[in-house]
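Taking it in order: structure first as structure tokens, then the write-up.
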Amino acid sequence: ARSKILGELAEAASTPDQREQWLRQQIDSIATATHANAFPNGLKELQTVETSIVRESKDSPLAPFVRYRRIVAEYAQRLAADDAKDQAAAQEWYTEQLEGFARAYPKSEDTPEALLQLASNLELHGKLKEARKWYQPLDTN
């Protein structure tokens, strides 16, 4: 219900800045609830919002904003699997998604966090050479 109200407020916003702020709140609300398993259709909703934003403007700062939050929410759901094999697949998926995100959105406000998550994940799995590669850009910011 909260997500729907925030979406309606975004649609009714009188300026592009107000619209962006309402959409950011909507995206954060959906992502947080999805991550906590409190929004069963949250991933689908995030994908819908992401598709809409990208269709409207691929260069919108909201495109990486929603994509990163969708990746993190989906990763949390994938990790919730009881099977160790599924969890290993989730880790691999997450690494691929973060790499793709970092390449697609090198200037995004979420890229430093994505790089840190990616490098940490690789380091924890003993892939130190790859981890260094992703830590390096963080050193230059």
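The values are calculated or read from the model by the stated rules, or taken from the named source; none is laboratory data. In this text the structure is predicted, and so the values were computed from the model without any measurement. Here the Cβ positions follow ideal geometry from the backbone for every residue, glycine too, while neighbour counts run over all protein chains shown. Areas reflect the complete protein model, heavy atoms only, side chains present, ligands, DNA and RNA absent. Shrake-Rupley method; radii C 1.70, N 1.55, O 1.52, S 1.80 Å.
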> Sorted by average packing, counted as other Cβ atoms within 10 angstrom per residue and highest first, what order do 128-138, 9-19, 67-77, 106-116 take?
Replying inline: 67-77, 106-116, 128-138, 9-19
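I need to check one value: relative contact order of the stretch 12-74, counting alpha carbon pairs closer than 8 Å and at least 6 residues apart, in percent. Don't skip to the answer; put the middle values down first.
Details: 46 pairs, mean separation 21.8, N = 63.
Relative contact order comes out at 35 percent.
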> Mean separation of Cα pairs under 8 Å and 6+ residues apart, divided by the residue count of the stretch 13-141: what relative contact order is that in percent?
Replying inline: 17
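How much of the accessible area of the chain, probe 1.4 Å, is carbon plus sulfur, in whole percent? List each step's numbers first, then the result.
Details: 4310 of 8620 Å².
With neighbouring chains kept in place, the figure for the chain is 50 percent.
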> Put a dot 7 Å past each Cα toward the Cβ at Arg19 and Ala36; how far apart are the dots in nm?
Replying inline: 3.0
>> Just want the answer: with Cβ charges of +1 for Lys and Arg and -1 for Asp and Glu, which residue in Pro137, Val49, Ala33 is farthest toward the dipole's positive end in the chain?
In response: Pro137
>> Based on alpha-carbon centroids, what's the gap between the stretch 116-141 and the stretch 1-64 in Å, whole number please?
In response: 30
>> What is the sum of charges, Lys and Arg at +1 and Asp and Glu at -1, for the other residues whose Cβ falls under 11 Å from the Cβ of Lys4?
In response: -2
> Dipole magnitude of the chain about its Cα centre, charges +1 at Lys/Arg Cβ and -1 at Asp/Glu Cβ only, in debye to the nearest 20?
Replying inline: 140
> Cα to Cα, under 29 Å, and not fewer than 8 places away if on the same chain: which lysines meet these conditions relative to Lys133?
Replying inline: Lys58, Lys85, Lys107
>> Need one number: convex hull volume per residue for the stretch 1-107, Cα atoms only, in Å³.
In response: 89
>> With every atom except the alpha carbons ignored, what do you get for Rg and Dmax of the stretch 63-141, in angstroms?
In response: 12.5, 39
> What is the local net charge at Ala131, summed over the other residues whose Cβ is closer than 13 Å to its Cβ (Lys, Arg +1; Asp, Glu -1)?
Replying inline: 0
